[in-house]
1. In region 42-72, which trypsin sites (Lys or Arg not before Pro) fall in coil by DSSP and have 16 or fewer other Cβ atoms within 10 Å?
2. Take the chain, connect every pair of alpha-carbon atoms lying under 10 Å apart with a spring to form a Gaussian network, then pick out the residue of A45, A24, A103 with the largest mean-square fluctuation.
3. Ranked by accessible surface with a 1.4 Å probe, highest first, in what order do V72, V97, V87, V108 come?
4. Using a 1.4 angstrom probe, figure out how much accessible area the chain has per residue, in square angstrom, rounded to the nearest whole.
5. Mind listing which GluC sites (Glu not before Pro) in region 21-113 are in a DSSP loop and have 15 or fewer other Cβ atoms within 10 Å?
6. Counting only protein heavy atoms, what percent of the accessible surface of the chain is carbon or sulfur at a 1.4 Å probe?
7. At what distance in nm do the modelled label points of A13 and R65 sit from each other, each positioned 7 Å from its Cα along Cα→Cβ?
8. T57 versus V87, label points 7 Å from Cα toward the beta carbon: distance in nm?
Amino acid sequence: MSPQQTTPERLAALLPLPHPRSLAYAQLCGRSCLWCGLTLPGAAAIDLGERRMKDGTAWYPRTCRNCVGRRVEESLMAHKALCEQCVDDQAVGSDTVCDTGRALRRLVLEHGQ
């Protein structure tokens, strides 16, 4: 996958998603935001791709722009605090060579608040 592509699967892989058993039906089927529960008209939704529970049941997480922006920024901050490569790169003021750090930074630019 090109580092410039942000697919729903890549976005979902970089963000911690709530356990599907904790979600309302509208959140499982993608009619409302995965995190805040806001009803999502088609154009306002960010699709995180079809997911499967351990029993094989499909669910379709989608999110609003506010929630994904907030989650991406939180994930970047948490990653930068724990990733040895990102910590080292930040200490010397260089761009990170960490693929996850780069992807999260790009997502902050795309979806951040």
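1. On the way: sites: R51, R52, K54, R62, R65, R70, R71; in loops: K54.
Answer by residue number: K54.
2. Residue with maximal mean-square fluctuation among A45, A24, A103: A24.
3. Working: V72 0, V97 90, V87 65, V108 35 Å².
Correct descending sequence by accessible area is V97, V87, V108, V72.
4. Working: 6740 Å² over 113 residues.
I get 60 Å² per residue for the chain.
5. Working: sites: E50, E73, E74, E84, E110; in loops: E50.
Here the sparse-neighbourhood loop sites are E50.
6. After summing per-atom areas, the C and S share lands at 53 percent.
7. Here the answer is 2.7 nm between the modelled labels.
8. 4.0
The values are calculated or read from the model by the stated rules, or taken from the named source; none is laboratory data. Not measured: the values here are computed from a predicted model. Here the Cβ is made from the backbone with ideal geometry for all residues, glycine too, and neighbour counts use every protein chain on show. In case anyone asks, the SASA skips ligands and DNA or RNA and just uses the protein heavy atoms, side chains included. Shrake-Rupley method; radii C 1.70, N 1.55, O 1.52, S 1.80 Å.
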